[in-house]
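The values are calculated or read from the model by the stated rules, or taken from the named source; none is laboratory data. Not measured: the values here are computed from a predicted model. A quick note on method: Cβ atoms are made from the backbone with ideal geometry, for glycine too, and the neighbour counts reach across all protein chains shown.
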Amino acid sequence: MKTVCLGGGPAGLYFAISLKLRNPDDEVLVIERNRADDTFGWGVVLSDETLDNLAQNDPKSAEAIRGHFAYWDDIKVVKEDVAITSTGHGFCGLGRKTMLLLLQERCRELGVELRFETEVDDVDALRREYDLVVAADGVNSKTRAAYADAFKPEIDTRACKFVWLGTHAKFDDAFTFIFKKTDAGWIWAHAYQFDADTATFIVECSEETWRGLGLDNMDQPAMIAECERIFAAHLDGNALISNMKHLRGSAWLNFNRVLCETWHHENVVLLGDASATAHFSIGSGTKLALESAIALAELVSNEPTLQGAFEKYQDERRLDVLRLQSAARNSTEWFEEVERYLHLDPVQFNYSLLTRSQRISHENLRLRDPDWLREAETWFQTQAGANGVHRAPMFAPYRLRDMALQNRVVVSPMAQYKAVDGCPTDWHFAHYAERAKGGAGLVYIEMTCVSPEGRITPGCPGLYAREHEAAWKRLTDFVHAETEAKLCMQIGHSGRKGSTQLGWDEMDAPLPSGNWQTVSASALPWAEGHAAPRALDRAGMDEIRDQFVAAAEMADRAGFDMIELHAAHGYLLSSFISPLSNTREDAYGGSLENRMRYPLEVFRAMRAVWPEAKPMSVRISATDWVGDRGVGGEEAVEIAQMFRDAGVDIVDVSAGQTSIEAKPVYGRMFQTPFSDRIRNEAGIPTMAVGNIYEPDHVNSILMAGRADLVCLARPHLADPYWTLHAAAALGDEQTAWPLPYLPGRDQMRRLAERGEGVGLRV
């Protein structure tokens, strides 16, 4: 078989090596447009796992590469004059130029032809001449562009500016992040040693800072001099060096995130950055390229047809690539929004940086550096008012007005559909009593409706009749007498999403009979098959506002510690907030200020009758998941700020469920970024929700300052005692158990100590 590799970077060279090892008689050519010793990066970073894969694939080149590695275990984070170091991270790096020369040498040993300083302008001609064309021609791949209709690339140009530099300053003790404040904003460096004499020194900043410093108008020598000035305290008199002096003007770049729908076309296949990129902040681009090269060579050698090999290659590698890109996206966005976090205490800022990609978790940090994490956890407890105590962040106390929570775990509101004529039943008593006994600091009652017409379904509970108040008081009396948990009543009105079937029948589908008239901001039905709601007039708005007030007064008399106004998920108040459901032309439609007018009227009226000592929250949908047509981004922050100014104590940050057109992006903790943004941009306490199911998730969110409280829904449906089980699994002996359950506690602790598990992964 005749094979040509377009691109002589790590991907192309290592594929050629891997193919030749498997098929020595094949003709393999590598074409590279640059000279053999040209390179435009400095160092590359690999993991122990990747090294093991290289050694298994080709022991000889792996040994040669390993012999040039610089190793380090530590990460140092320097913010202004404060440096914090953690260990156990296990990095290794070498010079990109060294790696290329070693791989070139191995290619020659195996009989691979290398052709440098050669431009390829006609891929079609090569495709006809060669059996296999491997396009490893980088992030700006000409091959990908030539067959764009087949590959369907998605290229996302990221916001920050960066430049690859090197230095002879020593960074051999740690992978170092340096954050410096300038008159124009923050600028930072990623620095790491890759041989005895040289370190990579990537400088990065926002475009605003870049322009503010005048870097956009500087040539390379001036730009380098300015960076040397900014980071002088960390360079020990050493210069910064560019290996891109052949480029005219600035060497600053924007990172391009590349993902292709398809990786192959006829006998052409994409490899490395041509098919998918991973941001340099997670140091995995080379890892991705090398491991994909091995997989492709193996499949091309063993599958009966190239087409079959290509399909398996894409199927096998795509998930790993997407996982890495997801982590890289998280990391990229963290740096793009780093000024959101720079106000954090150095301990918390350091933790936030380490966990930014979500690949490193709380317990993973404990394995890496238990002493550092113990200090960080103790710091968190001290900040929470528990001086000198060492416990995981989820067990830190928290206070809202006069309500003191024993921990940061919240049982999220979850509809039960078991009410009768709006009245909670024994089911509700048993359900909520069990979860209060289960150790959570705060237990939410499902959305409880202000009128019969405000219910979502006939099985939804209410707060509009005396019997409702009495039934809820029975619950609060029990919980307060027998547990340390606090209770929050979530109060809402279904709006146009009402008059629907029970959740286990057909979710959000109209009742087959007995429907009632729904109301909304505008006369727009929720979906096809739903009756159009009645657009509320002033009289209707006043009536429903007063119903919310009456429900708040009932909640107080029933003994609830806290109430929440439900202004999310497409229900009545949410329908006013979202432009997708609010097309009014009066004072309650149009601008965000107008769309917020009625929800704020309701909130203020409730806050006026709710006791001063008791807290009040609001649940919002921070995005409609429909891009620019709906709520999202800055608007979500503004919404939270408006509620804060009206007297809200904490924002329960959810997302979506406002439109059937929504296209959510699911994943672990997928809604936490919205909580993170509101908390750290607006300085408002938040609760995080959404696919949070492990103690690790809870502790990571809290420790990184992404939320103040963490809500778990489905885990509490499956396990009412989730918090107690988490405490046992983490070895926390200070969490209070109900007295009759102490023998169970003791057994669970013994099982956890023996590593036999308690049903939770930590």
Q | Leading residue by the ranking (farthest from the chain's Cα centre (by Cα)) among those in segment 708-742 that are buried (at least 20 other Cβ atoms within 10 Å of the Cβ) and among the small types (Gly, Ala, Ser) | A | ALA728
Q: Please indicate, with yes or no, whether at least one residue in segment 666-678 is without any contact (Cβ under 8 Å) to a residue 24 or more places away in the chain, in contact with a Gly (Cβ under 8 Å, 6 or more places away or on another chain) and not assigned by TED's automatic domain parsing to the domain that holds SER326.
A: yes
(Q) I want to confirm something. Restricting to segment 345-360 and keeping residues that are among the polar types (S, T, N, Q) and at pLDDT 95 or above, which single residue is nearest to VAL77 (Cα to Cα)? (A) ASN350
Q.
Given the criterion at negative phi, among the charged types (D, E, K, R) and part of a strand (DSSP E or B), identify the matching residue among ARG399, ARG374, ARG391, ARG366.
A. ARG399
(Q) Exactly one condition in (1) touching a residue at least 24 places away in the same chain (Cβ under 8 Å); (2) surrounded by fewer than 21 Cβ atoms within 10 Å (Cβ to Cβ); (3) closer than 28 Å to ILE692 by Cβ; (4) not basic (Lys, Arg) is false for GLU634; which is it? (A) (1)
Q. Scanning for something under 30 Å from TRP737 (Cα atoms), β-branched (Val, Ile, Thr) and in the same structural domain as PHE560 (by TED's automatic domain parsing), does segment 492-513 turn up at least one residue?
A. no
Q. Can you name the helices (runs of 4 or more DSSP H) wholly within segment 567-650 that have at least 1 residues being in contact with a strand residue (DSSP E or B) (Cβ under 9 Å, 6 or more places away or on another chain) and at pLDDT 95 or above?
A. 572-577, 597-609, 634-646
Q: For ARG597, state whether it is of a type in the set (D, E, K, R), over 34 Å from the mean Cα position of the chain (by Cα) and farther than 30 Å from GLY439 by Cβ.
A: no
Q) Can you pull out the residues in segment 644-702 that are surrounded by 21 or more Cβ atoms within 10 Å (Cβ to Cβ) and of a type in the set (Asp, Glu)? A) ASP652, ASP676, ASP696
Q: Just one of (1) part of a loop (DSSP other than H, G, I, E, B); (2) crowded, with 17+ Cβ neighbours inside 10 Å; (3) not aromatic (Phe, Trp, Tyr) trips up ALA386, so point out which.
A: (2)
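Residues checked against (1) small (Gly, Ala, Ser); (2) touching a His at 6+ places or on another chain (Cβ under 6 Å); (3) in a helix (DSSP H, G or I):
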| position | (1), (2), (3) |
| --- | --- |
| GLU453 | no, no, yes |
| TYR464 | no, no, no |
| ALA470 | yes, no, yes |
| PHE478 | no, no, yes |
| ILE491 | no, no, no |
Q.
I'm told SER86 meets every condition in (1) out of contact with any Leu (no Cβ under 8 Å at 6 or more places or on another chain); (2) over 18 Å from LYS287 (Cβ atoms) except one. Can you identify the failing condition by its number?
A. (1)
Q | Matching option when the condition is touching a Ser or Thr at 6+ places or on another chain (Cβ under 6 Å), assigned to a helix (DSSP H, G or I) and closer than 30 Å to ASP345 by Cβ, among ALA707, ALA727 | A | ALA727
Q: May I ask you to say which residue of GLY7, GLY12 is within 33 Å of the chain's Cα centre (by Cα) and surrounded by 15 or more Cβ atoms within 10 Å (Cβ to Cβ)?
A: GLY12
Q. For segment 298-315, what are the residues that are exposed (fewer than 15 other Cβ atoms within 10 Å of the Cβ) and closer than 17 Å to LEU288 by Cα?
A. ASP315
Q: Exactly one condition in (1) without any contact (Cβ under 8 Å) to a residue 24 or more places away in the chain; (2) outside the structural domain of ILE202 (by TED's automatic domain parsing) is not met by LEU344; state its number.
A: (1)
**Q.** Matching residues, segment 201-227, being under 30 Å from the mean Cα position of the chain (by Cα) and in a helix (DSSP H, G or I)
**A.** GLU207, GLU208, THR209, TRP210, ARG211, GLY212
